[in-house]
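Scroll down for the structure; my scribbles are underneath it.
The values are calculated or read from the model by the stated rules, or taken from the named source; none is laboratory data. The structure displayed is predicted, hence computed values, not measured ones. Virtual Cβ from ideal backbone geometry, glycine too; neighbours counted across all protein chains shown. SASA here: full protein model, heavy atoms, side chains in, ligands and nucleic acids out. Shrake-Rupley method; radii C 1.70, N 1.55, O 1.52, S 1.80 Å.
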Amino acid sequence: TITEILAHKRFEKCNVTKDRKTAHLLVFYAFIGLAITTTLAIVYLYGFHYESPYPLYDPLKLIGNISALALLYGITAVIVNRLKNAKKAGKGSYFDWLFIAVVAAIAVTGMGAQLFRLANIGFLAYPTYFAHLVFVFFLFAYAPFSKMAHMVYRATAMVFAKHTKRD
């Protein structure tokens with residue numbers, strides 16, 4: 001089940017929107033990369049007392065920036081696929097689009113905050129970073145009530161199906 005989830009093999013069974021797999025994988029692995037980045041930042045700060053800003057060649061920055069670009073590209077592909085396949089698969093619900101909008105906002109504000117900081121435009125960097133943190137809080141605070149909850153529900157259903165041989 002774990003390899004099936006990590007490879008998103010179930011997407012291959014859908015004949016309507018097969019191109020969703022790549023977009024979904026990018027968002028999925030970008031979130032994992034960004035979680036690793038956040039964990040490393042905590043270890044840097046509290047474990048090694050190494051404070052930000054970090055150089056762009058630092059492994060933390062490399063993982064974070066690659067993951068952020070993957071998230072931006074992936075969520076853009078999700079939006080394009082949804083709009084392109086609206087007639088075949090449906091437009092999606094308010095909750096689907098809210099989740100997509102929040103993920104897109106997280107990508108844009110996170111990258112924007114860093115770019116404004118690198119350009120030394122503090123009056124834009126700080127409010128952009130604040131907005132980024134609000135969107136991240138929103139994502140996790142509303143996770144049980146949003147599309148993000150399907151990570152847990154879907155994984156549980158897949159494990160149950162395999163365990164009961166209903167797969």
Search result, residues across segment 120-148 that are loosely packed, with under 14 Cβ neighbours inside 10 Å and either within 19 Å of Phe28 (Cβ to Cβ) or in contact with a His (Cβ under 8 Å, 6 or more places away or on another chain) (or both)
Phe140, Pro144
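Going by the structure shown, is Thr156 open to solvent by 60 Å² or more (accessible area, probe 1.4 Å), of a type in the set (Val, Ile, Thr), more than 16 Å from Leu34 (Cα to Cα) and assigned to a helix (DSSP H, G or I)? Please lay out each step first, then the result.
Numbers: open to solvent by 60 Å² or more (accessible area, probe 1.4 Å): yes; of a type in the set (Val, Ile, Thr): yes; more than 16 Å from Leu34 (Cα to Cα): yes; assigned to a helix (DSSP H, G or I): yes.
Judged against the criteria, Thr156 is a match.
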Residue check for Gly90: modelled with pLDDT of 95 or more and open to solvent by less than 40 Å² (accessible area, probe 1.4 Å):
no
Do any residues in segment 48-74 that are more than 17 Å from Thr109 (Cβ to Cβ) and open to solvent by 90 Å² or more (accessible area, probe 1.4 Å) have Cβ atoms under 6 Å from those of residues that are assigned to a helix (DSSP H, G or I) and basic (Lys, Arg), where the two are at least six apart or on different chains, and which pairs are they?
none
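Determine which member of the set Lys87, Lys61 is assigned to a helix (DSSP H, G or I), among the basic types (Lys, Arg) and within 14 Å of Ala30 (Cα to Cα).
Details: Lys87 fails: within 14 Å of Ala30 (Cα to Cα).
Step by step, each of Lys87, Lys61 is checked, and only Lys61 is assigned to a helix (DSSP H, G or I), among the basic types (Lys, Arg) and within 14 Å of Ala30 (Cα to Cα).
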For segment 106-154, enumerate the residues that are modelled with pLDDT under 95, of a type in the set (Phe, Trp, Tyr) and more than 16 Å from the chain's Cα centre (by Cα).
Phe145, Tyr153
Subset of segment 9-57 (residues that are at pLDDT 90 or above, aromatic (Phe, Trp, Tyr) and touching a helix residue (DSSP H, G or I) at 6+ places or on another chain (Cβ under 6 Å)):
Tyr50, Tyr54
Does Phe31 satisfy the condition of being of a type in the set (A, V, I, L, M, F, W, C), out of contact with any Gly (no Cβ under 7 Å at 6 or more places or on another chain) and open to solvent by 80 Å² or more (accessible area, probe 1.4 Å)?
no
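Take the residues in segment 42-58 that are within 22 Å of the chain's Cα centre (by Cα) and either of a type in the set (Gly, Ala, Ser) or outside any helix (DSSP H, G or I) (or both); name whichever of them is nearest to Ile32 (Cα to Cα).
The initial filter retains those residues of segment 42-58 that are within 22 Å of the chain's Cα centre (by Cα), namely 42-43, 56, 58.
Remaining after also requiring either of a type in the set (Gly, Ala, Ser) or outside any helix (DSSP H, G or I) (or both): 56, 58.
Details: Leu56: 20, Asp58: 18 Å.
Selected residue: Asp58.
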Which of the numbered conditions does Lys162 fail, given that it passes all the others? Conditions: (1) surrounded by 16 or more Cβ atoms within 10 Å (Cβ to Cβ); (2) in contact (Cβ under 8 Å) with a residue 60 or more places away in the chain.
(1)
Under the condition of being of a type in the set (Ser, Thr, Tyr) and touching a residue at least 24 places away in the same chain (Cβ under 8 Å), which residue from segment 15-47 is nearest to Arg117 (Cα to Cα)?
Thr37
